[in-house]
Amino acid sequence: MQFVNKEMNEEIAGVKRSFRMDNIVAVAACNRKGQLASFSNYSRHSVLLAASGVRIQSCTLSPNLFEYKNGTSQATPQVAATLAMMVNLFPGDTYSEIIDRLRRSVDPDATLELKTISGGCLNIGRALGMER
């Protein structure tokens, strides 16, 4: 599976579509309420889901060592880690089945409904089968 966190809003040609591969998981950023972040990329044709990307505590090289950051670069690693755990939990599934399972496990939100394929934000517990 591959991950894309490049800008690909509806006004811009989608990166996923140009690669013509079905194993790309493009990620938008959402806030703590599960709503699309104002700065996030989006595309109902090529961005699968959103994940938390607002005020994420991150390691830095600054003297403080940690800073709060925003972006799809903060959201994408959460999805990558979730997919890695799903591959381990569901070893018989193909990558297409894993991606579809992830798509069906999101927390739906109206701000994401027409902006992502899944219409929702990452729910790790549900994706791992720990929550129904």
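The values are calculated or read from the model by the stated rules, or taken from the named source; none is laboratory data. The structure presented is a predicted model; accordingly, all values stated were derived computationally and were not measured. Neighbour counts run over all protein chains shown; Cβ positions are idealised from the backbone, glycine included. Heavy atoms of the whole protein, side chains included, go into the accessibility calculation; ligands, DNA and RNA do not. Shrake-Rupley method; radii C 1.70, N 1.55, O 1.52, S 1.80 Å.
Given (1) under 18 Å from A127 (Cβ atoms); (2) out of contact with any Asp or Glu (no Cβ under 9 Å at 6 or more places or on another chain), where does V87 come up short, assuming only one miss?
(2)
Is there any pair linking a residue in region 18-38 that is at positive phi and of a type in the set (G, A, S) to one that is open to solvent by 10 Å² or more (accessible area, probe 1.4 Å) and assigned to a loop (DSSP other than H, G, I, E, B), with Cβ under 6 Å and at least six apart or on different chains, and which?
Within 6 Å, the pairs are G34/D109.
Can you name the residue in region 45-65 that is modelled with pLDDT of 90 or more and open to solvent by 100 Å² or more (accessible area, probe 1.4 Å) and is also farthest from D107 (Cα to Cα) among such residues? Walk me through how you get there before you give the answer.
Going through region 45-65, the residues modelled with pLDDT of 90 or more turn out to be 47-57.
From what is left, the residues that are open to solvent by 100 Å² or more (accessible area, probe 1.4 Å) are 55, 57.
Numbers: R55: 19, Q57: 22 Å.
Ranking the qualifying residues of region 45-65, first place goes to Q57.
Can you tell me which residue among D93, D100 is farther than 15 Å from M130 by Cβ and either under 12 Å from the mean Cα position of the chain (by Cα) or part of a helix (DSSP H, G or I) (or both)?
Working: D93 fails: either under 12 Å from the mean Cα position of the chain (by Cα) or part of a helix (DSSP H, G or I) (or both).
Answer to the selection: D100.
Within region 97-116, count every residue that is in contact with a Cys (Cβ under 9 Å, 6 or more places away or on another chain) and loosely packed, with under 14 Cβ neighbours inside 10 Å. Show your work before the answer.
Taking region 97-116 and keeping what is in contact with a Cys (Cβ under 9 Å, 6 or more places away or on another chain), we get 106-109, 111-112.
With loosely packed, with under 14 Cβ neighbours inside 10 Å added as a condition, the list becomes 108.
Final tally of qualifying residues: 1.
Return yes or no: is V79 in a helix (DSSP H, G or I), at pLDDT 95 or above and over 22 Å from A29 (Cβ atoms)? Spell out the reasoning first.
Details: in a helix (DSSP H, G or I): yes; at pLDDT 95 or above: yes; over 22 Å from A29 (Cβ atoms): no.
For V79, the condition - in a helix (DSSP H, G or I), at pLDDT 95 or above and over 22 Å from A29 (Cβ atoms) - is not met.
Within region 103-126, how many residues turn out to be under 20 Å from S46 (Cα atoms), assigned to a helix (DSSP H, G or I) and of a type in the set (A, V, I, L, M)? Step through it out loud before you land on a result.
Of region 103-126, the ones under 20 Å from S46 (Cα atoms) are 103-123.
With the extra rule that they be assigned to a helix (DSSP H, G or I), the set shrinks to 103-104, 110-113.
Add one more test, that the residue is of a type in the set (A, V, I, L, M), and what stays is 110, 112.
Qualifying residue count, region 103-126: 2.
Kindly check whether there is at least one residue in region 53-72 that is touching a residue at least 24 places away in the same chain (Cβ under 8 Å) and hydrophobic (A, V, I, L, M, F, W, C).
So far as region 53-72 goes, yes, one or more of its residues are touching a residue at least 24 places away in the same chain (Cβ under 8 Å) and hydrophobic (A, V, I, L, M, F, W, C).
Filter region 44-76 down to the residues that are touching a helix residue (DSSP H, G or I) at 6+ places or on another chain (Cβ under 7 Å), among the polar types (S, T, N, Q) and part of a strand (DSSP E or B), then identify the one that is farthest from S96 (Cα to Cα).
In this case the residue turns out to be S58.
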